[in-house]
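Shown next, in structure tokens, is the structure this report addresses.
The values are calculated or read from the model by the stated rules, or taken from the named source; none is laboratory data. Being a predicted model, the structure only gives us computed values, none of them experimental. Here the Cβ positions follow ideal geometry from the backbone for every residue, glycine too, while neighbour counts run over all protein chains shown. Just the protein is used for accessible areas: all its heavy atoms, side chains included, with ligands, DNA and RNA removed. Shrake-Rupley method; radii C 1.70, N 1.55, O 1.52, S 1.80 Å.
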Amino acid sequence: MKNVFAKHQSTNSDQVKSISRFKKKLTADYILSIVNNVLLIVLSLVMLYPIFYIFISSVSNPINFREAINNNKFLIIPQGFTMDYIVDHLKNADIWRAYGNTLLYTLLGTAISLFLSITCAYVLSRRGMKIIKVITVIVVLTMWLKPGMIATYTNIQNLGLMGSMLGILIPFAFSAYNVILLRTYFSTIPTDIDESAQLDGASHFRMLTSIYIPASIPGITTIGLFYAIERWNGYFWAELVLQKDKLYPLQVLVKKLLQRIGDSGNLFEGTVSAYALIIIAIVPIMLIFPFIQKYFKKGVMVGSVK
Amino acid sequence: MDTEVLENQSVVVEDSVVTEQTDAVEKKEKSSKFKAFEEKFKLSMSEFGKGFGRNMKYNWQIYVLFLPALIWMILFVFVPFISNVLMSFQDYSTSKGVFGSPFVGFKNYIDFFTMQYPYSFLSLLGNTLLLNVLVLVIGFPAAILLAIMIYESKSKVVKGIAQTTTFLPFFISAVVVCNMTIEFLKADTGVIVNILSWFGVPRSNLLDNAAAFRWIYALMELWQTVGYNSLIYLAALSAIDTSLYEAASMDGAGKFRQIFHVTLPGIAPTIIITLILKIGKLLSMGYEKVLLLQTAGNKSASEIISTYVYNVSLAPLVGQSNYGMAATIGLFDAVVAIVLVTIVNKIAKKVSDTQLW
């Protein structure tokens with residue numbers, strides 16, 4: 001702050017000097033910000049290239065594709081054009097069934113998760129009851145006392161949930177992290193509303209359904225999306241627990257199909273076919289992505305405040 | 001007017017059993033109508049003391065609301081954790097279950113720490129640590145750098161593009177990301193192999209190369225998570241007081257010095273907390289992606305503690321599954337994670353003012 005006053009009190013030549021110094025800094029900063037923007041654009045292109053590459057390869061003709069690769073070309077357009085491989089996969093009834101499974105598991109799983117999370121978050125956000133502290137400790141404890149892979153597996157076995165979709169829907173439904181996130185959303189509702197509702201004789205059930213849920217739709221959507229993405233992309237336990245081909249979600253099917261394609265001898269055809277399958281697997285996510293992006297950003301920001 | 005409203009109120013109380021929902025808006029309106037009444041009530045309410053909870057009549061509902069989550073936690077966290085502990089002391093077999101399998105004391109633990117074939121404990125530990133440390137060293141500064149770059153950018157278009165493209169890979173499933181990587185690294189058809197051949201690197205299946213495995217994994221993780229990881233720092237950056245920047249530029253600091261003296265100190269608490277959390281996870285590596293990328297060729301580098309658990313128990317391998325050992329390792333994982341985070345937290349407490357708890 002000293003310098004500001006010094007600038008004003010300085011002589012004419014000093015003023016000229018400081019203004020030109022200021023101008024120089026201005027252009028230096030300006031150059032820096034241009035470089036920054038350019039770097040960001042370049043980075044974005046690099047990040048995007050793998051997906052872009054898969055897109056163009058999935059509709060390429062394997063013969064032209066092989067030529068291009070053997071000549072070490074850098075691909076930016078499809079080599080020859082054929083939708084055959086994509087259509088082939090789309091004709092596969094297994095894929096549609098697997099997609100249906102994924103959709104079902106995602107919806108049901110998210111519903112169960114939200115039910116558990118909303119009720120628990122409501123309880124955690126209650127003020128004025130000492131027992132809440134104990135409950136909070138119990139919930140946080142579940143973040144650390146995770147049973148190992150094998151204990152989880154035998155537990156699901158012992159509960160008789162193996163081989164049924166309940167075996168993946170229920171055991172992985174609750175995430176203490178998401179619940180705490182939701183609790184943060186719930187605690188932003190001012191206590192006055194609580195008190196006046198209680199004065200009017202509202203029960204906790206009534207408060208939850210009439211006040212808290214409607215007021216926290218953004219928060220609920222955010223953690224709902226967190227849960228949904230995990231469900232949609234999950235494959236490990238689905239493969240382990242479901243054990244029946246017709247129950248498998250898309251990711252497991254993709255894994256098995258890609259393995260089969262990889263094992264078959266035909267190199268470049270296999271590659272194009274694999275890329276076509278990958279495209280089919282990621283298109284829905286990419287279509288939804290722009291709409292749900294902001295929810296995740298918000299969720300991360302609220303989570304960081306905690 | 002007052003008596004009418006009071007009558008309405010008593011009706012509402014009796015109606016609480018009916019499922020008709022009263023508008024939240026209506027409630028707020030009603031309560032704003034008699035503020036004086038509220039004031040009196042509040043005074044007498046506060047006499048109850050905070051420890052009792054204000055609405056004692058309905059407190060039992062809190063317990064009912066907690067019941068679903070509690071049952072879930074008992075069934076799927078606490079019970080399996082206890083059986084995990086028990087199993088680690090047993091020669092467990094599925095047919096005999098927890099209560100029928102023979103007790104073997106610490107045999108599983110000793111076996112785990114002293115085994116030599118096919119992997120020694122130290123090699124598993126080393127692989128896990130090296131992999132995690134590399135991911136951290138590459139990914140952690142990158143996320144911060146990306147956040148700063150996005151934050152400093154003055155163009156909304158560039159910001160939007162950068163955020164979208166870096167965030168997108170996060171939503172792609174592990175299966176797809178790993179198979180993309182596998183395809184890209186295939187000797188004859190892979191695009192990365194192709195690009196490398198411009199620089200004279202001979203074509204080979206890079207994934208079978210144990211030495212390259214860690215870098216491949218770390219870079220793949222970077223691609224998938226750098227956008228997501230940068231979000232937290234972006235949030236912290238937007239919380240920095242902009243007048244600090246103005247003061248700094250008044251004092252003659254250029255962009256670089258501003259970043260060092262304003263930005264970085266401003267997000268230092270966030271950096272420390274995320275670092276603590278990540279170090280706490282140093283030994284409990286996610287196994288899904290490593291398993292998908294594992295091949296016979298890279299196993300010496302890619303067999304980490306958690307993949308070993310899978311391979312020794314659940315994988316459809318020939319030979320005996322050692323469930324007891326797997327349980328031991330799982331327990332080891334959980335305990336080490338807790339210990340690590342506590343230690344790092346204590347260190348952070350001493351070194352700076354920031355801590356997790």
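List of remarks:
- Total residues in the range A:249-267 satisfying the condition of being over 18 Å from the mean Cα position of the chain (by Cα) and open to solvent by less than 20 Å² (accessible area, probe 1.4 Å): the figure is 3.
- In the range B:129-172, the residues that are in contact with a Phe, Trp or Tyr (Cβ under 7 Å, 6 or more places away or on another chain) and without any contact (Cβ under 8 Å) to a residue 12 or more places away in the chain: B:171
- Within the range B:92-116, considering residues that are in contact with a helix residue (DSSP H, G or I) (Cβ under 6 Å, 6 or more places away or on another chain) and closer than 17 Å to residue B:82 by Cα, the one farthest from the other protein chains (Cβ to nearest Cβ): B:109
- Exclusive hit being aliphatic (A, V, I, L, M), open to solvent by 60 Å² or more (accessible area, probe 1.4 Å), in a helix (DSSP H, G or I) and in contact with a Phe, Trp or Tyr (Cβ under 9 Å, 6 or more places away or on another chain), set A:229, A:282, A:223, A:288: A:288
- Residue that is assigned to a helix (DSSP H, G or I), open to solvent by less than 10 Å² (accessible area, probe 1.4 Å), over 30 Å from residue A:102 (Cβ atoms) and touching a Lys or Arg at 6+ places or on another chain (Cβ under 8 Å), where the choices are A:197, A:202: A:197
- Residue ID - least open to solvent (accessible area, probe 1.4 Å), chosen from residues in the range B:185-199 that are within 7 Å of chain A (Cβ to nearest Cβ) and part of a loop (DSSP other than H, G, I, E, B): B:189
- For the range A:126-153, the tally of residues that are open to solvent by less than 20 Å² (accessible area, probe 1.4 Å) and more than 7 Å from chain B (Cβ to nearest Cβ) stands at 2.
- Considering residues of the range B:57-90 that are in contact with a Phe, Trp or Tyr (Cβ under 8 Å, 6 or more places away or on another chain) and either more than 8 Å from every other protein chain (Cβ to nearest Cβ) or among the small types (Gly, Ala, Ser) (or both) only, the residue surrounded by the fewest Cβ atoms within 10 Å (Cβ to Cβ): B:89
- Scanning the range B:91-129 for residues being part of a helix (DSSP H, G or I) and open to solvent by 20 Å² or more (accessible area, probe 1.4 Å) gives a total of 15.
- When residues of the range A:205-220 are limited to those that are in contact (Cβ under 8 Å) with a residue 24 or more places away in the chain and surrounded by fewer than 19 Cβ atoms within 10 Å (Cβ to Cβ), the one farthest from residue A:301 (Cα to Cα): A:213
- On inspection, residue A:156 does not qualify as touching a Phe, Trp or Tyr at 6+ places or on another chain (Cβ under 8 Å) and open to solvent by less than 50 Å² (accessible area, probe 1.4 Å).
- Filter result for residue A:181 (in a helix (DSSP H, G or I) and open to solvent by 30 Å² or more (accessible area, probe 1.4 Å)): no
This table checks each residue for (1) surrounded by 19 or more Cβ atoms within 10 Å (Cβ to Cβ); (2) at the interface with chain B (Cβ under 7 Å from one of its Cβ atoms).
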residue: A:38; (1), (2): no, no
residue: A:45; (1), (2): no, no
residue: A:48; (1), (2): no, yes
residue: A:62; (1), (2): yes, no
residue: A:76; (1), (2): no, no
residue: A:88; (1), (2): no, no
residue: A:99; (1), (2): no, no
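- Filter pass, residue B:141 being within 25 Å of residue B:218 (Cβ to Cβ), at pLDDT below 85 and not hydroxyl-bearing (Ser, Thr, Tyr): no
- Which listed residue is open to solvent by less than 50 Å² (accessible area, probe 1.4 Å) and at pLDDT below 85, from B:47, B:38: B:38
- Elements of type helices (runs of 4 or more DSSP H) contained in the range A:40-148, each with 1 or more residues being at pLDDT 90 or above and under 30 Å from residue A:210 (Cα atoms): A:93-124, A:131-144
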